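Data block below; observations after.
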């Protein structure tokens, strides 16, 4: 059995564990891309044929699928929380959503699904154990969501998220937007986010704090609240979404 046919067979088995019945060749190709890290793609020729043997790939690694899957994941989780947590205000729903889409939460799902077993990473990354790093396996789950969305639509992606992620994930105790942003930024850029008070308005007994969240010196989120802590939490929630949607080259 060739390496390519062995990879195809493993991906078909994986698709079945994800409850994706009768996956097409295009779906298997998308799963292959979703499980290909940029470090692996950089080591191979971009002329490598895809699994189905038809032309060149539009994507060599999972970064674009991760970008798409992140948006689908956020929408699906927000939808589920809106339906299930009818008594919660927006201020309480936002940090709950942030914890459920955090890298640590996604890594829990990745480990349960044994994503690392199929994830292709570069030789150097493999030697350092990067294939098990929460930021990498968590991003692979987002890419899988993107692949399912492209192949079967939003409802199929939402069902997958509810079945394979929300039904099992256990957010870290005390998880909040600041924790989620710090976790993401440290994994992505090897540094911590910072917060700055932009303005304080109102009389001493009724103040409103306006705070900005900064990553690499760039403002990624802003928030306000009756306390500095509340404002930082709001800024972090916005900052997390900004960082996950902005290409790394634009957060310097």
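The values are calculated or read from the model by the stated rules, or taken from the named source; none is laboratory data. The structure displayed is predicted, hence computed values, not measured ones. Positions of Cβ are backbone-derived with ideal geometry, glycine not excepted, and every protein chain shown enters the neighbour counts.
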Members of the range 175-215 found to be surrounded by 15 or more Cβ atoms within 10 Å (Cβ to Cβ), modelled with pLDDT of 90 or more and part of a loop (DSSP other than H, G, I, E, B), listed by number: 193
Identity of the residue in the range 25-50, in a loop (DSSP other than H, G, I, E, B) and crowded, with 20+ Cβ neighbours inside 10 Å, that ends up modelled with the highest pLDDT: 35
Given (1) modelled with pLDDT under 90; (2) under 30 Å from residue 37 (Cα atoms), index of the condition residue 79 fails: (1)
Residue list for the range 100-112, restricted to those being modelled with pLDDT under 85 and surrounded by fewer than 22 Cβ atoms within 10 Å (Cβ to Cβ): 104
Lone qualifier among 130, 143, 116, 172 - being crowded, with 24+ Cβ neighbours inside 10 Å and either more than 19 Å from residue 12 (Cβ to Cβ) or modelled with pLDDT of 90 or more (or both): 143
Scan of the range 82-98 for residues that are in a helix (DSSP H, G or I) and either modelled with pLDDT under 85 or under 11 Å from residue 158 (Cα atoms) (or both), ordered by number: 90, 91, 92, 93, 94, 95, 96, 98
Counted residues, the range 111-140 - those being over 16 Å from residue 187 (Cα atoms) and not in a loop (DSSP other than H, G, I, E, B): 10
Residues satisfying the stated conditions in the range 216-225, i.e. in a strand (DSSP E or B) and over 18 Å from residue 94 (Cβ atoms): 218, 219
Leading residue by the ranking (nearest to residue 150 (Cα to Cα)) among those in the range 11-22 that are surrounded by 15 or more Cβ atoms within 10 Å (Cβ to Cβ) and in contact (Cβ under 8 Å) with a residue 24 or more places away in the chain: 20
